[in-house]
1. Output, in nm with one decimal and in ascending order, the distances from the A:S43 label point to the matching label points of the other copies (7 Å from Cα along Cα-to-Cβ).
2. I'd like to know how region A:5-121 sits against the 2.2 N^0.38 Å rule of thumb: what's its Cα Rg over that expected value?
3. For the charge dipole of region B:5-121, defined by +1 on Lys and Arg C-beta atoms and -1 on Asp and Glu C-beta atoms about the Cα centroid, which residue among B:T82, B:G40, B:F55 has the Cα displaced farthest towards the positive pole?
4. Report, in degrees rounded to the nearest 10, the 0 to 90 angle that the Cα long axis of helix B:45-58 makes with the longest principal axis of chain B.
5. Need one value for A:108-115: mean number of C-beta atoms belonging to other chains within 10 Å of its residues' C-beta atoms.
6. List the distances, in nm and shortest first, from the label point of A:D3 to the matching label points in every other copy, placing each point 7 Å from Cα along the Cα-to-Cβ direction.
7. If amide H atoms are built 1.01 Å from N in the plane of the peptide, which residues on other chains or at least 5 residues away come under 5 Å of the amide H of B:A37?
8. Assuming R0 = 25 Å, can you tell me the calculated FRET efficiency for the pair B:D98 and B:D3, based on Cβ-Cβ distance, to the nearest 0.05?
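Where a number appears in this text, it was derived from the coordinates with a stated rule and is not lab data. The structure presented is a predicted model; accordingly, all values stated were derived computationally and were not measured. Every residue, glycine as well, gets a Cβ built from its backbone with ideal geometry; the counts of neighbours run over all protein chains shown.
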Protein chains: 2
Amino acid sequence: MADSPARKTALAYYHAWTGRDLDAAMRYIADDIVCDAPAGRLSGAQEYRAFMAPFVQILKEARLLAAFGDDTTAVVVYDTQTVPVPSAPAAECVTVVDGRITYSRFIFDRAPFEAARRTAAQGLPATPQ
Amino acid sequence: MADSPARKTALAYYHAWTGRDLDAAMRYIADDIVCDAPAGRLSGAQEYRAFMAPFVQILKEARLLAAFGDDTTAVVVYDTQTVPVPSAPAAECVTVVDGRITYSRFIFDRAPFEAARRTAAQGLPATPQ
């Protein structure tokens, strides 16, 4: 199966940000991107970058689980290992126009991140040693 | 593009459970399914059904966002409207063998469900009127 245009863009984006190169990653993000993330809607590349930047900071490792797509839509599923949460899988369902992501539905579980934050606020280590 | 075997099974499963027919849905679940869900690993069809049943109970509506697959792997992304949470999107990345799901990586955000539970425990309505 020939690679689909949307999958190609979604994967290029994925490899850039998981390689911690947010500048390169943002080349695949449309200026007027709309992203429905767990905490609510993000509008525009600037808001989107502000959402991704802290995540890239805490990213230790990412592992691609699946990537599919057609001409305009792609889905990328991956697991991440982060500083506060050892396994934080996510799925991104994106719309791609002219090689850029114009819409993203971003799905992940905020619960373990919130739990790690609460633990940190209590001055305890995030995970038992 | 001809429909892929894994996508076909994943969609048949999706349509059955979102149609609130858990008996029909379980026909697409392998007896020894392993499911990595946000709260941890589920093993076997019985545990999996016990995980899905309460969700089917609170389901008001589901809307398919994307479905892709190949011979053995499929990804289904959808948004759900539930009694406690008005929009709870999810992604399932599944492995299919002989028309049954043998492995599922189930991704959704538990945070709004936990918030609704806390609100309910305080005797307040789940959403402001």
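1. Copy-to-copy label distances for A:S43: 4.9 nm.
2. Taking N as the residue count of region A:5-121, the ratio is 1.01.
3. Looking along the dipole axis, the top candidate is B:T82.
4. 50
5. Per-residue shielding by partner chains comes out at 5.
6. 2.9
7. B:L42, B:F106
8. Once rounded, the FRET efficiency stands at 0.95.
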